[in-house]
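Visitor: Quick one: structure below, then a few questions.
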Amino acid sequence: MRQATPTPLDPAAAWEPWTPGPGDPWSLEWAGHLHRRAAFGASWPELQDALRRGPGAAVDALLSGGEGYEGFDRLMDELAPEAPEQFGGGTPGDGGLQAWWLYRILHTPHPLRERMTLFWHDHFATSIAKVRRPAAMKAQNLLIRRHALGSFRPFLLEMSRDPAMLAWLDSNSNVRGRPNENFARELMELFSLGVGRYAEADVREAARAFTGWHTDGSTFTHNRLQHDDGPKTVLGQTGPWDGADVVRIVLDQPAAAHFLVRKLYRQFISEAAIPPTPLLEPLAERFRGSDYDVGDLVGTMLRSRLFYSDHARRRRIKGPVEFVAGIFRSLGGRLPGAGPAPPPAGLLDGLGQTLFAPPNVKGWPGGESWLNTATLLARHNLAWKLVQGPLGPLGARVDPAALLRAHAGGARGTAAIDFLLDLLLQPSAGEIAPRARDELARFLAEGDLKGVALDRRLREATHAILTMPEYQLA
């Protein structure tokens, strides 16, 4: 019998490490769940590797990154564009960067870190539309990746001095005698504490502490002549504080750990319901005790009983980047050309998410906002363009028939559909309606096709699975 979902109000049981048992074994279902949440889906060899490792070692492997990721990162860092005409061109200032980052996401040997880079990009939402400096946006992206699974304390301090962030929140106009509150407000409301955990007086005083924290567009500059060095009172502490002191004071508040844990819960456990505060307290306490070690927190979530339960499984809607990357990575897709060729311009168009251009300081709302009539049609159309393979409009090297030959002995009919369902959905027993499975199998077998005709039919069946409601969920 499958292990029961821990009662959400029982924090002690919820965050205990999950132990597979006879009634709820470590299986393809759970390996797929792990890779949908902690990566961007997985290829068949990656799923089989996770099954061999077991749940604990599979999480360890995702946290540490795959073989060769250091060399991959060095190459990608060197190729990072700083002008729109580089690496794919595009709209003013951001097109090349979008192609560069999307390539990293599609091919990185360290998908969990790249997923966390995307998470923090949304958390510290900064847009090229206002910054207008590709070099600064590139530098911020590298900064985020460097800290993505590290300690949040130095991460927040570095982001407070990041040129793109300073430009985004008008910090050059924050001067002694006329403080600009934009950064101080977002630091508390969106980056660390959340609404209701500070007073307006705290914002005003914190803004004074950040006076003189400016940028010349490419580097952080401390304009001492414009810094207010008088005493300030922030969250009950008084002193001649500067920005670094404010970061320290903010992260000393118990509310900071709760705020960040709640956001990561939505990312890794469930966005379907608001978790009660007592459920999060053990994680917040551990997070504070580790001095905000993000990797430790994420690992605790990914190993927990709550993660391996129906409370968490398929309880998130895939964002556009997740959707695209999942197709590529699961099907072993490659882009045309040799070496690190950029993704086609506009690959994410119409899906509702433009890298380096979140809609506002709050980032993308996510959840159900990802799906509407227009974006669902865009997902269906993009999936079809991808699975058409080298002869399709994107020229992607995607070949379902080759995957069947390599990993399923060239299975036909129902066996072929079962393999594709396992590869793309990793369904639990009975999750896919028998009627839907049978209709896909009949469609594939109809006409006893061979050669090119069978290849196209396999691509059409793959597309049908990619447009199923279950595939839209992580």
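Visitor: Would you please list the contacts, defined by Cβ atoms under 6 Å and residues six or more apart or on different chains, that run from a residue in region 251-270 that is within 21 Å of Met159 (Cα to Cα) to a residue that is assigned to a loop (DSSP other than H, G, I, E, B)?
Guide: Pairs found: Ala255/Leu193; Ala255/Arg197; Ala256/Leu193; Phe259/Leu193; Phe259/Gly194.
Visitor: Against the condition surrounded by fewer than 24 Cβ atoms within 10 Å (Cβ to Cβ), out of contact with any Ser or Thr (no Cβ under 7 Å at 6 or more places or on another chain) and in a loop (DSSP other than H, G, I, E, B), how does Pro154 come out, does it pass? Walk me through it before giving the result.
Guide: Working: surrounded by fewer than 24 Cβ atoms within 10 Å (Cβ to Cβ): yes; out of contact with any Ser or Thr (no Cβ under 7 Å at 6 or more places or on another chain): yes; in a loop (DSSP other than H, G, I, E, B): no.
Judged against the criteria, Pro154 is not a match.
Visitor: Which of the residues spanning region 230-253 are surrounded by 14 or more Cβ atoms within 10 Å (Cβ to Cβ) and of a type in the set (Gly, Ala, Ser)?
Guide: Residues satisfying the conditions are Gly243, Ala244.
Visitor: Against the definition (among the small types (Gly, Ala, Ser), within 30 Å of Pro365 (Cβ to Cβ) and buried (at least 18 other Cβ atoms within 10 Å of the Cβ)), how does Ala256 come out, yes or no? Show your work before the answer.
Guide: Values: among the small types (Gly, Ala, Ser): yes; within 30 Å of Pro365 (Cβ to Cβ): yes; buried (at least 18 other Cβ atoms within 10 Å of the Cβ): yes.
Yes; evaluated as a whole, the condition is true for this residue.
Visitor: Against the condition among the basic types (Lys, Arg) and either within 19 Å of Val324 (Cα to Cα) or touching a Leu at 6+ places or on another chain (Cβ under 6 Å) (or both), how does Arg457 come out, does it pass?
Guide: Values: among the basic types (Lys, Arg): yes; either within 19 Å of Val324 (Cα to Cα) or touching a Leu at 6+ places or on another chain (Cβ under 6 Å) (or both): yes.
For Arg457, the condition - among the basic types (Lys, Arg) and either within 19 Å of Val324 (Cα to Cα) or touching a Leu at 6+ places or on another chain (Cβ under 6 Å) (or both) - is met.
Visitor: Any residue in region 320-346 that's part of a loop (DSSP other than H, G, I, E, B) and at pLDDT 95 or above: show its pairings with residues that are surrounded by 17 or more Cβ atoms within 10 Å (Cβ to Cβ) and among the charged types (D, E, K, R) at Cβ separation under 9 Å, as long as the two are six or more apart or on different chains.
Guide: Leu331/Asp399
Visitor: Within region 280-308, which residues are assigned to a loop (DSSP other than H, G, I, E, B) and within 16 Å of Ala255 (Cα to Cα)?
Guide: Those that are assigned to a loop (DSSP other than H, G, I, E, B) and within 16 Å of Ala255 (Cα to Cα): Ser290, Asp291, Tyr292.
Visitor: Looking only at residues that are of a type in the set (Phe, Trp, Tyr) and within 19 Å of His107 (Cα to Cα) in region 17-73, which one is surrounded by the most Cβ atoms within 10 Å (Cβ to Cβ)? Show your work before the answer.
Guide: Of the residues in region 17-73, the ones of a type in the set (Phe, Trp, Tyr) are 18, 26, 30, 40, 44, 69, 72.
Subset that is within 19 Å of His107 (Cα to Cα): 40, 44, 69, 72.
On the way: Phe40: 27, Trp44: 17, Tyr69: 16, Phe72: 18.
Looking at the filtered set, the residue picked out is Phe40.
Visitor: Which ranges mark the helices (runs of 4 or more DSSP H) fully within region 405-474 that have 3 or more residues being under 29 Å from the mean Cα position of the chain (by Cα) and among the aromatic types (Phe, Trp, Tyr)?
Guide: Values: elements: 413-424, 434-445, 451-466.
Because the criterion is at least 3 residues that are under 29 Å from the mean Cα position of the chain (by Cα) and among the aromatic types (Phe, Trp, Tyr), no helices (runs of 4 or more DSSP H) in region 405-474 meet it.
Visitor: Would you kindly identify the strands (runs of 3 or more DSSP E) lying entirely within region 160-278 that contain at least 3 residues that are within 32 Å of the chain's Cα centre (by Cα), more than 30 Å from Trp370 (Cα to Cα) and at pLDDT 95 or above?
Guide: On the way: elements: 213-215, 220-222, 232-234, 237-239.
Qualifying strands (runs of 3 or more DSSP E): 213-215.
Visitor: Kindly evaluate Gln426 against the criterion of being within 20 Å of Glu460 (Cβ to Cβ) and in contact (Cβ under 8 Å) with a residue 24 or more places away in the chain. Please lay out each step first, then the result.
Guide: Values: within 20 Å of Glu460 (Cβ to Cβ): no; in contact (Cβ under 8 Å) with a residue 24 or more places away in the chain: yes.
Spelling it out, it is not the case that Gln426 is within 20 Å of Glu460 (Cβ to Cβ) and in contact (Cβ under 8 Å) with a residue 24 or more places away in the chain.
Visitor: Output the residues belonging to region 363-411 that are surrounded by fewer than 13 Cβ atoms within 10 Å (Cβ to Cβ), touching a helix residue (DSSP H, G or I) at 6+ places or on another chain (Cβ under 7 Å) and not small (Gly, Ala, Ser).
Guide: Across region 363-411, the qualifying residue is only Pro393.
Visitor: In addition: For residues in region 353-362 being touching a helix residue (DSSP H, G or I) at 6+ places or on another chain (Cβ under 8 Å) and of a type outside the set (A, V, I, L, M), which is farthest from Glu82 (Cα to Cα)?
Guide: If we filter region 353-362 for residues that are touching a helix residue (DSSP H, G or I) at 6+ places or on another chain (Cβ under 8 Å), which is where we start, we get 353-358, 361-362.
Those left that are additionally of a type outside the set (A, V, I, L, M): 353-354, 356, 358, 362.
Numbers: Gln353: 21, Thr354: 17, Phe356: 13, Pro358: 19, Lys362: 25 Å.
It comes out as Lys362.
Visitor: If we scan region 417-436, do we find a residue that is on the phi < 0 side of the Ramachandran plot, of a type in the set (Ser, Thr, Tyr) and surrounded by fewer than 17 Cβ atoms within 10 Å (Cβ to Cβ)? Break it down stepwise before answering.
Guide: Start the filter on region 417-436 by keeping residues that are on the phi < 0 side of the Ramachandran plot, which leaves 417-425, 427-429, 431-436.
Checking the rest, the ones that are also of a type in the set (Ser, Thr, Tyr) come to 428.
Within this subset, residues satisfying the condition of being surrounded by fewer than 17 Cβ atoms within 10 Å (Cβ to Cβ) are none.
Within region 417-436, not a single residue is on the phi < 0 side of the Ramachandran plot, of a type in the set (Ser, Thr, Tyr) and surrounded by fewer than 17 Cβ atoms within 10 Å (Cβ to Cβ).
Visitor: For region 27-46, how many residues are of a type in the set (Asp, Glu) and either in contact with a Leu (Cβ under 6 Å, 6 or more places away or on another chain) or over 15 Å from Leu473 (Cα atoms) (or both)?
Guide: Our first condition is that a residue be of a type in the set (Asp, Glu); within region 27-46, this holds for 29, 46.
Restricting the remaining residues to those that are either in contact with a Leu (Cβ under 6 Å, 6 or more places away or on another chain) or over 15 Å from Leu473 (Cα atoms) (or both) gives 46.
Result for region 27-46: 1.
Visitor: Moving on. What's the total number of residues in region 446-467 that are more than 18 Å from Ala396 (Cβ to Cβ), aliphatic (A, V, I, L, M) and surrounded by fewer than 16 Cβ atoms within 10 Å (Cβ to Cβ)?
Guide: 2
Visitor: A follow-up question, please. On the basis of being part of a helix (DSSP H, G or I), under 23 Å from Arg288 (Cα atoms) and either at pLDDT below 95 or hydrophobic (A, V, I, L, M, F, W, C) (or both), does Met137 make the cut? It would help to see each step written out before you state the result.
Guide: Details: part of a helix (DSSP H, G or I): yes; under 23 Å from Arg288 (Cα atoms): no; either at pLDDT below 95 or hydrophobic (A, V, I, L, M, F, W, C) (or both): yes.
For Met137, the condition - part of a helix (DSSP H, G or I), under 23 Å from Arg288 (Cα atoms) and either at pLDDT below 95 or hydrophobic (A, V, I, L, M, F, W, C) (or both) - is not met.
Visitor: Also, I was wondering about something else. Say whether the condition of being free of Cβ contacts under 8 Å to residues at least 40 places away in the same chain, at positive phi and surrounded by fewer than 22 Cβ atoms within 10 Å (Cβ to Cβ) is met by at least one residue in region 164-181.
Guide: yes
Visitor: May I ask you to list the residues in region 205-220 that are surrounded by fewer than 16 Cβ atoms within 10 Å (Cβ to Cβ) and either charged (D, E, K, R) or free of Cβ contacts under 8 Å to residues at least 24 places away in the same chain (or both)?
Guide: Matches in region 205-220: Asp216 only.
The values are calculated or read from the model by the stated rules, or taken from the named source; none is laboratory data. Computed from a predicted model, the values in this text were never measured in an experiment. As a convention, Cβ positions derive from the backbone with ideal geometry for all residues, glycine included, and neighbour counts pool all protein chains shown.
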